[in-house]
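Asker: Provided herewith is a single structure, encoded as structure tokens, for subsequent inquiry.
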Amino acid sequence: MEKPTHLFSVDAIEKIKKIAKNTKVCMFCTHLFEQPIQSRPMTIKEVDDEGNLWFISSKNSNKNLEIKSDNQVQLFFSNNADYEYLSVYGKASIYTDQATIEKLWSPIANAWFEEGKKDPKVSVIKVHAEDGYYWDTENSKIISFLKIAASAITGLETKSGNYGHLKL
């Protein structure tokens, strides 16, 4: 079994940026200590230089209400095409100031808000990442598949990817 590669600070932030950029959509989970965990797909708008993840959301959504009562969240990214996976745990904050909304707004968000970025229901969620785990491959999908196939035939263990803890 390969040893994990743990990443800290800047390296952890760069890994989060890379996988989030390639994946774009995550499962955004709230109420982590209640069963079932509340989860919904969310499109990430940005990962900033401090490792914060930003989303546009409705003030009236269940997700925003859940964050107000418990701001601990977990995000799960899955990019099957490139064998990249990411789990991020952090604390969420809700922003309603127009400057933040303007900065993160994209035309696709108009589909959810009748009045566009001026809609009074628009909010932005910032997830301050604290901890996480990643799994990814060093090589292309084809090379990874060939390594796994060779390992299955020869019975020898192969290194087909990387994984580790992210600490911010």
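The values are calculated or read from the model by the stated rules, or taken from the named source; none is laboratory data. Since the structure is predicted, the reported quantities are computational estimates derived from the model, not experimental observations. As a convention, Cβ positions derive from the backbone with ideal geometry for all residues, glycine included, and neighbour counts pool all protein chains shown. Just so you know, the surface numbers come from the protein's heavy atoms only, side chains and all, with ligands and any DNA or RNA stripped out. Shrake-Rupley method; radii C 1.70, N 1.55, O 1.52, S 1.80 Å.
Asker: In the chain, which whole DSSP H runs stretch at least 18 Å along their own axis (Cα) and average 0.5 or higher on the Kyte-Doolittle scale? Walk me through the intermediate numbers first.
Answerer: On the way: long enough: 9-23 (21 Å, -0.42); 141-154 (20 Å, 1.42).
Helices meeting the criterion: 141-154.
Asker: Could you compute how fast the chain diffuses translationally, taking Rh as the Kirkwood radius over C-alpha pairs and applying Stokes-Einstein at 37 °C with viscosity 0.692 mPa s? Give it in µm² per second. Before the final figure, lay out the partial values.
Answerer: Numbers: Rh = 17.3 Å.
Diffusion coefficient, whole number: 190 µm²/s.
Asker: Kindly identify the range 10-107 as rounded, prolate or oblate by the Cα gyration tensor criterion: order the square roots of the eigenvalues as a ≥ b ≥ c, call it rounded if a/c is under 1.5, otherwise compare a/b with b/c, prolate if a/b is larger, else oblate.
Answerer: Oblate is the answer for the range 10-107, as a/c is 1.5 or above yet b/c matches or exceeds a/b.
Asker: While we're on this one: Can you pull the one-decimal nm distance between simple spin-label points at Ser93 and Ile108, each 7 Å off the Cα toward Cβ?
Answerer: Going by the 7 Å Cα→Cβ label model, 2.6 nm.
Asker: What shape does the range 77-143 have by the C-alpha gyration tensor, where a ≥ b ≥ c are the square roots of the eigenvalues, rounded means a/c under 1.5, and otherwise prolate means a/b greater than b/c and oblate the rest? Kindly include the intermediate steps, with their values, before the conclusion.
Answerer: Numbers: a/c = 3.95, a/b = 1.91, b/c = 2.07.
Verdict is oblate for the range 77-143.
Asker: Shifting gears a bit: What range in the chain is the longest one free of GluC sites (Glu not before Pro) that are in a loop by DSSP and have at most 16 other Cβ atoms within 10 angstrom?
Answerer: On the way: sites that count: Glu2, Glu34, Glu50, Glu114, Glu115, Glu138, Glu157.
In short, 51-113.
Asker: Still on this structure, I have one more. Full-extension gain between Leu65 and Lys17, please, as 0.36 nm times their residue separation minus the C-alpha to C-alpha distance. Could the numbers behind the result be given before it?
Answerer: Details: separation 48, 0.36 × 48 = 17.28 nm, distance 2.70 nm.
Length gained, Leu65 through Lys17: 14.6 nm.
Asker: Still on this structure, I have one more. Leaving out ligands and nucleic acids, and using a 1.4 Å probe, what accessible area per residue does the chain come to in Å²?
Answerer: On the way: 9570 Å² over 168 residues.
It amounts to 57 Å² per residue over the chain.
Asker: Using DSSP to call loops (not H, G, I, E or B), can you name the chymotrypsin sites (Phe, Trp or Tyr not before Pro) in the range 1-45 whose Cβ has at most 16 other Cβ atoms within 10 angstrom? Don't skip to the end; give the middle numbers.
Answerer: Details: sites: Phe8, Phe28, Phe33; in loops: Phe33.
Those that pass, being in a loop and sparsely packed, are Phe33.
Asker: Before rounding to the nearest 500, sum -39500 (n - 2.57) across all DSSP H runs of length at least 4 in the chain and divide by the residue total; then give [θ] at 222 nm in deg cm²/dmol. Could the numbers behind the result be given before it?
Answerer: Details: 4 runs with 44 residues, N = 168.
Helix contribution divided over all residues of the chain: -8000 deg cm²/dmol.
Asker: Say the dipole of the range 1-128 comes from +1 at the beta carbon of Lys and Arg and -1 at that of Asp and Glu; which of Pro4, Gln74, Pro36 then lies farthest toward its positive end?
Answerer: Pro36
Asker: Give me the percent of the accessible area of the chain that comes from carbon and sulfur atoms, probe 1.4 Å, all protein chains in place. Can you show the working numbers first?
Answerer: Details: 5420 of 9570 Å².
On the chain, the fraction of accessible area on carbon and sulfur atoms equals 57 percent.
Asker: Separate question: Among the listed pairs Lys18/Lys167; Lys21/Lys126; Lys91/Lys117; Lys45/Lys91; Lys17/Lys167, which have their C-alpha atoms separated by more than 22 angstrom in this model? Let's see the in-between values first.
Answerer: Working: Lys18/Lys167 16 Å; Lys21/Lys126 16 Å; Lys91/Lys117 25 Å; Lys45/Lys91 17 Å; Lys17/Lys167 14 Å.
From Lys18/Lys167; Lys21/Lys126; Lys91/Lys117; Lys45/Lys91; Lys17/Lys167, over 22 Å: Lys91/Lys117.
Asker: Identify all aspartates and glutamates with a Cα-Cα distance to Lys118 below 13 Å; exclude those on the same chain that are fewer than 8 residues away in sequence.
Answerer: The reachable aspartates and glutamates, counting only those whose Cα sits under 13 Å from Lys118, are Asp97, Glu102.
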